[in-house]
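Here the structure is laid out as structure tokens; the discussion comes afterwards.
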Amino acid sequence: MSAQNKDRLLAQAVALREQGHPEQARERLLALTAAFPDAADVAYQTAWVHDVLGLEAEAVPYYERSLQGDGLAEEERRGALLGLGSTYRVLGRFGQAVETLRLGVAEFPDDGALRTFLAMALFNTGEHHEAMRLLLCLLAASSGDPHVQQYRAAIEHYATDLTQIM
């Protein structure tokens, strides 16, 4: 099977997932994965469809494979880091979730979703202050609420140390 044919079949499988047919997409993606075991884009889409189906444990090796090397486009890498980190968290693998999501935040510091999922994983590991700091800074930076913006400087200041009184 040629790379061009792979790309066409991958696009069809993604379309099936997007159109609400994840089981059919999964069947096609598993066949593509068998034919192209080193294709990061195929591994990523295979992981994603497993997540959609609630098969998180089965998604993990595909996410991990997709992140090996530099085979993913930037947006796919961002999605794979978020997907893997979130999936680790759902599976109770909180340390791995934090590690993966920290990597994602380091690579994509402006991604609020990565920071939000990192905060959730940090909460699960008992790092409540760091989780709150991340969320408060994200809220201050991204909220369109004029009342939040009015107090943005104070929120950002106190986010660094919530125990600070004055």
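Bear in mind these aren't lab numbers, they're just calculated from the coordinates by the rules spelled out. As the structure is a prediction and not an experimental result, all values here were calculated from the model. Don't worry about glycine lacking a Cβ; one is built from the backbone with ideal geometry, like all the others, and counts go over all protein chains shown.
Computed quantities for the displayed model
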| read-out | value |
| --- | --- |
| The chain: mean projected area of Cα convex hull, nm² | 11.1 |
| GNM flexibility winner over the chain from Asp145, Asp111, Asp51 (Cα, springs under 10 Å) | Asp145 |
| Paramagnetic label zone (point 7 Å from Cα along Cα-to-C-beta, Glu64; backbone N under 18 Å) in region 91-128 | 91-104 |
| Cα gyration tensor shape for region 1-74, rounded if a/c is under 1.5, else prolate or oblate | oblate |
| In order through region 118-132: 3J(HN,Hα) via Karplus (6.51 cos²θ - 1.76 cosθ + 1.60), integer Hz, x for Gly, Pro | 4, 4, 5, 5, 4, 4, 5, 8, x, 8, 5, 5, 5, 4, 5 |
| For region 45-60, 3J(HN,Hα) per residue [Karplus equation, 6.51 cos²θ - 1.76 cosθ + 1.60, θ = phi - 60°, Hz, x = Gly/Pro] | 5, 5, 4, 4, 5, 5, 4, 4, 7, x, 9, 4, 4, 6, 6, 3 |
| Gln19 versus Leu55: modelled label distance in nm, points set 7 Å from Cα along the beta carbon direction | 2.0 |
| Chain lengthening between Leu139 and Glu107 when straightened (0.36 nm per residue, less Cα-Cα) | 9.5 nm |
